[in-house]
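Here is the structure we will look at, set down as structure tokens.
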Amino acid sequence: MTPRVVSGMRPTGKLHLGHLVGALRQWTELQSTYDCMYFVADWHALTSEYADTDGLTSYAYDNVADWIAAGIDPEQSTLFVQSLVPEHAELYVLMSMVVPIPWLERVPTYKEQIEHLAEKDLSTIGFLGYPLLQGADIVIYKAQYVPVGEDQVAHLELVREVVRRFHGFYGELFPEPQPLLTRFPRLPGLDNRKMSKSYGNTIDLSDDAEAVQKKVMRMYTDPKRIRADIPGTVEGNPVFLYHDAFNLDEVEVEDLKTRYRAGTVGDVEVKQKLARAINTMLDPMRERRAEVLAQPTRVRDILMDGSSRARAIAQETMKQVRDAVKLAYS
Ligand code: TRP
């Protein structure tokens, strides 16, 4: 049997180049080797966005259009919505019975995020339970692998601990899921801070060519280079990190790096070539995105169909889980 991969994304905004490099490229590659299930983690979005839920469903559709534009094939992978498979919540409740609260309090992202998002009240059960819900998302499909970023590795560790404890009470039911990390290092935002829509430092997958051009021209670059004839630093320079990630013309990239180090190229040329490379890469995605969105119910139909396929699997697992917990009434 083909090993299964499960991963999810929270619908909290438009997708940007960071999502492409950090997730979508890998999701696309995995499709040919694994039985892939990718979902909109709308309940996870609620854990921090519960006070303003207006955009959720439109972001969900918009994000999935981007997934497909990036190469996710809804025929090959199962694309679905978490809240359309309520069995995730049932499994979460059953698992919550055996999970000591300190295990969740110890997860590093828990306190970090509470401090980072200080304007939001995250002292909720929903937020504390975030990684446990993530565990239910994964094990309900008996997935072996979970493509995630570095920041999610601690969540997967918790999930494996919970699985072992659950098995201790009720017997073997699930594989212990392993993370699949992206090889590519995290890209900084346009201003060299962490890439985040809240900093307004992203290039979105849905940006048009002109917007990309404008954003690239105001990118942060080597600050000591106030004139084109001053030798510049390539390493860690966001403009070159982006060249490495998106410019397929390796000869051009090498030439620009050499001349940058020597102080024989202007920033404008380096950035113009970067903008062109990003637009060349985004163009076919823009086309596919437009194609998908031209059919008004297409994305919804894909998600409905995927969710019912996912649900059939989840229901089968829940039968086994209820039996194991001895909650079978018929
Ligand atoms: N926590 C993940 C993130 O923020 C999203 C997510 C929710 C997820 N459930 C998941 C990822 C299950 C992988 C598997 O990126």
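Every number in this text was worked out from the coordinates using simple rules, so none of it is lab data. Bear in mind that the values here come from a model prediction, so they are computed numbers and not experimental data. Note that we place each Cβ from the backbone using ideal geometry, even for glycine, and neighbour counts take in every protein chain shown.
Things to note:
- Here region 68-125 is treated as an ellipsoid with the same Cα gyration tensor; its semi-axes, largest first and in whole Å, are 30, 20, 11.
- The phi torsions of region 96-104, fed into the Karplus equation with coefficients 6.51, -1.76 and 1.60 and a -60° offset, translate into couplings of 4, 4, 10, 9, x, 3, x, 4, 6 Hz, rounded to whole numbers, with Gly and Pro shown as x.
- By other beta-carbon atoms within 10 Å, ranking Tyr170, Tyr110 with the fewest at the front produces Tyr170, Tyr110.
- Listed values for region 161-178 are Karplus-derived 3J(HN,Hα) couplings in whole Hz (6.51 cos²θ - 1.76 cosθ + 1.60, θ = phi - 60°), namely 5, 5, 4, 5, 5, 4, 4, x, 8, 10, x, 5, 10, 10, x, 8, x, 10, and x replaces Gly and Pro.
- Pairwise Cα inverse-distance average, inverted: Kirkwood Rh of region 207-290 (Å): 13.1
- Hull volume in cubic angstrom per residue (convex hull over the Cα atoms of the chain): 146
- Note that region 238-250 has calculated 3J(HN,Hα) couplings of x, 4, 7, 4, 5, 4, 4, 7, 10, 8, 7, 7, 5 Hz, one per residue in order, obtained from phi through the Karplus relation 6.51 cos²θ - 1.76 cosθ + 1.60 (θ = phi - 60°); glycine and proline are x.
- Burial ranking of peptide ranges 145-158, 222-235 (average Cβ count within 10 Å, highest at the top): 145-158, 222-235
- Computed [θ] at 222 nm, deg cm²/dmol, the chain (DSSP H ≥ 4; -39,500 (n - 2.57); rounded to nearest 500): -16500 deg cm²/dmol
- Net charge contributed by nearby residues that have their C-beta within less than 11 Å of Arg10 (K/R +1, D/E -1): -2
- Sorted by Cβ density within 10 Å, fewest first, the residues Tyr92, Tyr130: Tyr92, Tyr130
- Summed residue charge, Cβ within 13 Å of Lys194's Cβ, Lys/Arg positive, Asp/Glu negative: -1
- Burial ordering of Leu117, Leu180, Leu91, fewest other beta-carbon atoms within 10 Å first: Leu117, Leu180, Leu91
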